[in-house]
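Since the structure comes first, as structure tokens, the remarks are kept for the end.
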Amino acid sequence: MDGFRYISYAQEVIFTPGALAQLREAVERSGWQRLMLCTNHSMQVQGYVDTVKSALGGRLVAVFDHVQPHVQDVQVDGALALALENQMDAVIGMGGGSPIGMAKAVAYAMDTTMPMRPSIPVIAIPTTYAGSEMTAVYGITRSREKPPRKVTVNDPKIAPRLILYDPELTLDLPPQMTASTGVNALAHCIEALYSITRHPASTAAAIRGVGHISNALLRCYRDGKDLEARTEMLIGAHLAGWSLASVKMGLHHGLCHVLGGTANVPHGIANSIILPHAIRFNADATAPQLLPAAEAMRISLNGTHPWVAMETLVQKISELVGEMQLPQRLRDAGVKVSDLPDLAQLGFQNRTVQNNPKPITESAQIEALLRAAW
């Protein structure tokens, strides 16, 4: 690495059990008067929406509480109409990657609709390990296209200004969602380590993130009420999101976006299936960068050839995924073998895939990977 360049963002991060109680003070300090909340039904059921309503009182002027996975374009239209109607000046995303992505999409659409007014700030309250709260990017599914296609939007203005990490909000996260979003966080670290735009800060955060995730994820899966494990896992997810926020993603995340937007595979499940295959595909080009991840997962190197260490890393991740009973084959996630050529072609056209550190020159390379994962 001879040089590097990256963009960082002005963000206030509050991390502590009970952090949600600090929302009102943080909003008042920032001067936001009319806020909209983007969330989903599970947040309603668990009572967190009522907590936000109580904290903000009259400042909360609108709630869009039925966000669907993969940020559907038709839903963005509805949420934007609600935001414009209520003249909101900040938007909150509470939940996993989709509600936070919806908040970003609404803020971006408002900035585009009214370019002369100040940018709409995003507040993120993550309740999973998806990592969207730290990044200036979101994925949106263009459901009107045939086939549907998920694309990414990247703009520094949509990086959340305020992030509240409250480990207590993750205590009710179901085991499968704990597992799948946890593997997503691990994948963030892996891709940050070998990103074509990696830099010393992203590498340091990713290595520490792998260590925390390796220590805590299985404990969270086995006992969701273990606050100590939940806290460590959320620290790992924060570092994972931070590490990926200023670098370019590659093959792994590009394929997960394709599988989500076109084949409707949940993002965390796509991660659990694709991650071992992406590591194996890239191993001859990225093994030196991933050796610290292997060490962080307590894989003894002892002079082991880097390629051998990568295969051990693949096996360790596959064992973790299996122990948490996540799908490990695309067929188990509803993907048909007849879909693979089209998915490979969409993957080849994906901008993120083309940022992969190992060059991808034809869709046949991607199809081979998908067939191995099927």
| task | Keeping to the range 148-168, report how many residues are in a helix (DSSP H, G or I) and open to solvent by 10 Å² or more (accessible area, probe 1.4 Å). | result | 3
| Which condition does residue 172 not pass, out of (1) charged (D, E, K, R); (2) open to solvent by 10 Å² or more (accessible area, probe 1.4 Å); (3) in a helix (DSSP H, G or I), if it passes all the others? | (3)
| message | Test of understanding: among 266, 276, which residue is closer than 25 Å to residue 370 by Cα, in contact (Cβ under 8 Å) with a residue 40 or more places away in the chain, of a type outside the set (Val, Ile, Thr) and out of contact with any Pro (no Cβ under 9 Å at 6 or more places or on another chain)? | response | 276
| note | Expected output for the range 198-222 (first residue among the aromatic types (Phe, Trp, Tyr), partner open to solvent by 40 Å² or more (accessible area, probe 1.4 Å) and part of a helix (DSSP H, G or I), Cβ below 9 Å, 6+ apart or cross-chain) is 221/175; 221/176; 221/323
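Being hydroxyl-bearing (Ser, Thr, Tyr) and over 22 Å from the mean Cα position of the chain (by Cα) is the filter here; which residues of the range 287-323 pass it?
Correct list: 300, 304, 312.
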| remark: By residue number, the members of the range 103-115 that are part of a loop (DSSP other than H, G, I, E, B) and either more than 21 Å from residue 30 (Cβ to Cβ) or touching a Leu at 6+ places or on another chain (Cβ under 7 Å) (or both) are 115
| query | Inside the range 204-243, can you point out the residues that are open to solvent by less than 50 Å² (accessible area, probe 1.4 Å), aliphatic (A, V, I, L, M) and under 17 Å from the mean Cα position of the chain (by Cα)? | reply | 205, 206, 210, 213, 217, 233, 234, 237, 239, 240
| field | Criterion: part of a loop (DSSP other than H, G, I, E, B), of a type in the set (D, E, K, R) and open to solvent by 10 Å² or more (accessible area, probe 1.4 Å) - qualifying residue of 280, 331, 298 | value | 298
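Every residue, every condition in (1) over 27 Å from residue 245 (Cβ atoms); (2) among the aromatic types (Phe, Trp, Tyr), yes or no:
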| residue | (1), (2) |
| --- | --- |
| 6 | no, yes |
| 18 | no, no |
| 21 | no, no |
| 30 | no, no |
| 38 | no, no |
| 58 | yes, no |
| query | How about the range 143-171: which of its residues are modelled with pLDDT under 95, of a type in the set (D, E, K, R) and farther than 19 Å from residue 103 by Cβ? | reply | 144, 145, 146, 149
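Quick grid of which residues meet (1) without any contact (Cβ under 8 Å) to a residue 24 or more places away in the chain; (2) not in a helix (DSSP H, G or I):
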site: 319; (1), (2): yes, no
site: 322; (1), (2): yes, no
site: 326; (1), (2): no, yes
site: 335; (1), (2): no, yes
site: 340; (1), (2): no, no
site: 343; (1), (2): no, no
site: 346; (1), (2): no, no
site: 361; (1), (2): yes, yes
site: 364; (1), (2): yes, no
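Matching residues to (1) under 23 Å from the mean Cα position of the chain (by Cα); (2) at pLDDT below 95; (3) more than 20 Å from residue 119 (Cβ to Cβ); (4) among the β-branched types (Val, Ile, Thr):
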{"position": "8", "(1), (2), (3), (4)": "yes, yes, no, no"}
{"position": "44", "(1), (2), (3), (4)": "yes, yes, yes, no"}
{"position": "61", "(1), (2), (3), (4)": "no, no, no, yes"}
{"position": "87", "(1), (2), (3), (4)": "no, yes, no, no"}
{"position": "95", "(1), (2), (3), (4)": "yes, no, yes, no"}
| said: Step by step: first the residues of the range 260-277, then only those that are aliphatic (A, V, I, L, M) and either at pLDDT below 95 or under 13 Å from the mean Cα position of the chain (by Cα) (or both), then the one that is surrounded by the most Cβ atoms within 10 Å (Cβ to Cβ). Which residue is that? | reply: 270
| said: Name the single residue that is nearest to residue 22 (Cα to Cα) among those in the range 43-52 being surrounded by fewer than 18 Cβ atoms within 10 Å (Cβ to Cβ) and in contact (Cβ under 8 Å) with a residue 12 or more places away in the chain. | reply: 51
| remark: Scanning the range 92-102 for residues that are aliphatic (A, V, I, L, M) and assigned to a helix (DSSP H, G or I), the one surrounded by the fewest Cβ atoms within 10 Å (Cβ to Cβ) turns out to be 102
| field | Every residue from the range 96-110 that is more than 13 Å from residue 164 (Cα to Cα) and in contact with an Asp or Glu (Cβ under 8 Å, 6 or more places away or on another chain) | value | 108
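Counting only residues that are under 18 Å from residue 126 (Cβ atoms) and touching a His at 6+ places or on another chain (Cβ under 9 Å), give me the strands (runs of 3 or more DSSP E) lying completely in the range 1-72 with at least 1 of them.
Correct list: 12-15.
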| field | Lone unmet requirement of (1) open to solvent by 30 Å² or more (accessible area, probe 1.4 Å); (2) out of contact with any helix residue (DSSP H, G or I) (no Cβ under 6 Å at 6 or more places or on another chain); (3) within 30 Å of residue 166 (Cα to Cα) for residue 342 | value | (3)
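The values are calculated or read from the model by the stated rules, or taken from the named source; none is laboratory data. Predicted, not measured: the structure shown is a model, and the values here were computed from it. Heads up, the Cβs are rebuilt from the backbone with ideal geometry, glycines too, and the neighbour counts pull from every protein chain shown. Note: areas computed on protein heavy atoms with side chains; ligands, DNA, RNA excluded. Shrake-Rupley method; radii C 1.70, N 1.55, O 1.52, S 1.80 Å.
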